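The values are calculated or read from the model by the stated rules, or taken from the named source; none is laboratory data. Computed from a predicted structure; not experimentally measured. Ideal geometry is used to build each Cβ from the backbone, glycine not excepted, and the neighbour counts take in all protein chains shown. Remember, those area values only see protein heavy atoms, side chains included, never the ligands or the DNA or RNA. Shrake-Rupley method; radii C 1.70, N 1.55, O 1.52, S 1.80 Å.
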Amino acid sequence: MRRGGGDPGTRGRTTIADGVVEKITGMAARDVAGVHAMGSGMSRTFGAVRDRVPGGTRSGVTRGVKAEVGEKQTALDLEIVVEYGVSIADVARDVRENVVAAVERMTGLEVVEVNIAVSDVKLPDEEDEEPEPRIR
């Protein structure tokens, strides 16, 4: 006697949280040469402070990433800082390709769009905007 019907892999439903897709996206974007950081200067500063606070809610990996996840598709918005001297068009293309490949491979979701906002350029003589720790 056969129990159930059809392939066991089709029984039930899998949902993927926005935060999961945001983490995958953040890691894939950071892997691209020419990407210095994610998020705007202010969000990086606030994020660095929040990362030091116990119980801080948002992971630094997801800084500068917003995902809208549906049942079968996802749309992504990224805010990046590029290194001075790189081609912004090439970096944006490489980020899109890397992000789409990683998200689709790991989640099975179709990435319908990857919007990229370049919020800053990291100059060679600029220091990172990490605030000094208040305690040592």
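At pLDDT 95 or above and open to solvent by 60 Å² or more (accessible area, probe 1.4 Å): which single residue out of GLY55, GLY85, GLY34, GLY70 fits that description?
GLY85
For the structure I just gave you, tell me whether GLU97 is modelled with pLDDT of 95 or more, in a strand (DSSP E or B) and open to solvent by 40 Å² or more (accessible area, probe 1.4 Å). No, not satisfied. For the range 110-127, which residues satisfy the criterion of being in contact with a Phe, Trp or Tyr (Cβ under 8 Å, 6 or more places away or on another chain) and open to solvent by less than 70 Å² (accessible area, probe 1.4 Å)? VAL121, LYS122, LEU123 - these are the residues of the range 110-127 that are in contact with a Phe, Trp or Tyr (Cβ under 8 Å, 6 or more places away or on another chain) and open to solvent by less than 70 Å² (accessible area, probe 1.4 Å).
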